[in-house]
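Engineer: I have a structure I would like to understand better, so I am pasting it below and will then ask my questions one at a time.
The values are calculated or read from the model by the stated rules, or taken from the named source; none is laboratory data. Keep in mind that what you see is a predicted model, and the values were worked out from it rather than measured. Note: ideal-geometry Cβ built from the backbone for every residue, glycine included; neighbour counts use all protein chains shown. These area figures cover heavy atoms from the full protein model, side chains too; ligands, DNA and RNA do not enter into them. Shrake-Rupley method; radii C 1.70, N 1.55, O 1.52, S 1.80 Å.
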Amino acid sequence: MEHLIEFQSVYKIYQMGDTQVRALDGVDMTIDPGEFVAIVGQSGSGKSTAMNIIGCLDVPSTGVYKLGGVDVSTMDDDQQAVIRNKMLGFIFQQYNLIPKLNVLENVELPLLYAGVSERERRERALRSLERVGLADKYKNRPNQLSGGQQQRVSIARALAGDPSVILADEPTGALDSRTGREVLHFLKQLHEEGNTVVLITHDNSIAVKAERIVRLQDGKIIYDGDAHDPQAVVQPHLDDEDEEVTA
């Protein structure tokens with residue numbers, strides 16, 4: 001079976017004055033179709049950089065990143081935008097909904113960019129809203145919804161394009177604990193329906209809802225395995241003199 005996501009010796013290096021910062025330092029990683037994976041790490045671990053590369057928002061300095069067997073490492077911005085719109089559904093911490101658009105129009109937006117016809121856009125957007133229990137709110141604007149409802153709209157938007165990967169960046173970060181649990185329940189449900197879910201978080205209590213944890217520290221993978229193994233949530237000790245990597 002072909003890997004859906006594949007990092008081959010991926011480095012992301014930034015030059016900050018005289019200092020070279022390795023946000024990703026030779027990362028090898030694969031994610032297969034249908035997996036639910038949490039990429040975990042503290043601030044500066046490299047998880048945000050990994051997310052940006054997975055999401056075709058950035059490219060490696062060196063190494064290869066393949067999405068669905070296609071090498072996207074050397075694509076330009078326009079080529080990456082096409083892949084991003086076709087294969088990826090994003091769920092963000094701050095929802096990223098457009099205030100002037102109603103719920104239906106927000107969910108339709110990626111389909112509009114993809115050139116989907118107006119009738120099909122509406123049908124697919126309404127189906128997605130039905131899946132997250134918000135079909136009756138399709139005329140509302142984002143500011144008329146609770147935080148949890150807004151995050152469910154962003155989930156519906158991610159689903160509308162039928163993506164190969166659902167990429168969730170700290171999806172519960174702006175929510176209270178009860179609403180956060182509801183959102184995690186949706187992600188687990190999506191995984192059970194066969195979707196590939198990649199969750200980016202710094203929070204172990206959220207990461208263990210996935211099936212597999214990839215833990216990053218200083219741009220390197222220090223754990224990759226079962227989310228329910230005790231080793232998955234052990235926080236590595238950082239010596240005081242260790243220099244943190246910014247990512």
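Engineer: Counting C-alpha atoms alone, how compact is the chain: give Rg to one decimal and Dmax as a whole number, in angstrom.
Structural biologist: Reported Rg and Dmax, both Å: 18.2, 60.
Engineer: Still on this structure, please answer the following. If you take the square roots of the eigenvalues of the alpha-carbon gyration tensor of the stretch 82-182 and sort them as a ≥ b ≥ c, do you get rounded (a/c under 1.5), prolate (a/b over b/c) or oblate?
Structural biologist: Details: a/c = 1.87, a/b = 1.28, b/c = 1.46.
Oblate is the answer for the stretch 82-182, as a/c is 1.5 or above yet b/c matches or exceeds a/b.
Engineer: Using the Karplus curve 6.51 cos²θ - 1.76 cosθ + 1.60 with θ = phi - 60°, what ³J(HN,Hα) values do you get for each residue of the stretch 108-123, in whole Hz, with x for Gly and Pro?
Structural biologist: Karplus-based 3J(HN,Hα) across the stretch 108-123 equals 6, 3, x, 5, 4, 4, 7, x, 6, 5, 4, 5, 5, 4, 5, 4 Hz.
Engineer: Still on this structure, I have one more. Please report, in Å, the Rg and the Dmax of the stretch 170-217, where both are computed over Cα atoms only.
Structural biologist: 10.7, 32
Engineer: Of all the accessible heavy-atom surface of the chain, with the other protein chains kept in place and a 1.4 Å probe, what percent is carbon and sulfur?
Structural biologist: 45 percent
Engineer: In a GNM of the chain with a 10 Å cut-off on Cα contacts, which of R152, R131, R215 has the highest mean-square fluctuation?
Structural biologist: Of the options given, R131 has the highest mean-square fluctuation.
Engineer: If R0 is 35 Å, what FRET efficiency do you get for V234 and D162 from their C-beta distance, rounded to 0.05?
Structural biologist: Taking R0 as 35 Å, the efficiency between V234 and D162 is 0.40.
Engineer: For the chain, what is the mean residue ellipticity at 222 nm derived from helices alone (per DSSP H run of n ≥ 4: -39500 (n - 2.57); sum divided by total residues; nearest 500 deg cm²/dmol)?
Structural biologist: -9500 deg cm²/dmol
Engineer: Of the GluC sites (Glu not before Pro) in the stretch 1-97, which ones lie in a loop per DSSP and count no more than 12 other C-beta atoms within 10 Å? Write down the numbers at each step before the final one.
Structural biologist: Details: sites: E2, E6, E35; in loops: E2, E35.
Taking the stretch 1-97 and a limit of 12 other Cβ atoms within 10 Å, the loop GluC sites (Glu not before Pro) found are E2.
Engineer: Using the Kirkwood radius over Cα pairs, work out the Stokes-Einstein diffusion coefficient for the stretch 1-97 at 10 °C and 1.306 mPa s, in µm²/s as a whole number.
Structural biologist: Roughly 111 µm²/s, to the nearest whole number.
Engineer: Show me, for the stretch 214-230, the HN-Hα J-couplings you get by feeding each phi into the Karplus relation (A = 6.51, B = -1.76, C = 1.60, θ = phi - 60°), rounded to Hz, glycine and proline as x.
Structural biologist: Once rounded to whole Hz, the list reads 10, 9, 10, 8, 6, x, 10, 7, 10, 8, 8, x, 4, 5, 9, 6, x.
Engineer: For the stretch 1-48, what's the radius of gyration and Dmax over Cα atoms, in angstrom?
Structural biologist: 13.4, 44
Engineer: Per q in 0.14, 0.21 1/Å, what log10 I(q)/I(0) does a Debye calculation on the alpha-carbon atoms of the stretch 115-236 return?
Structural biologist: Result of the Debye calculation: -0.67, -1.22.
Engineer: Cross-chain or 8 or more residues apart, Cα under 28 Å: how many lysine pairs in the chain fit that? Count them up, please.
Structural biologist: Taking the Cα cut-off of 28 Å, the pair count is 25.
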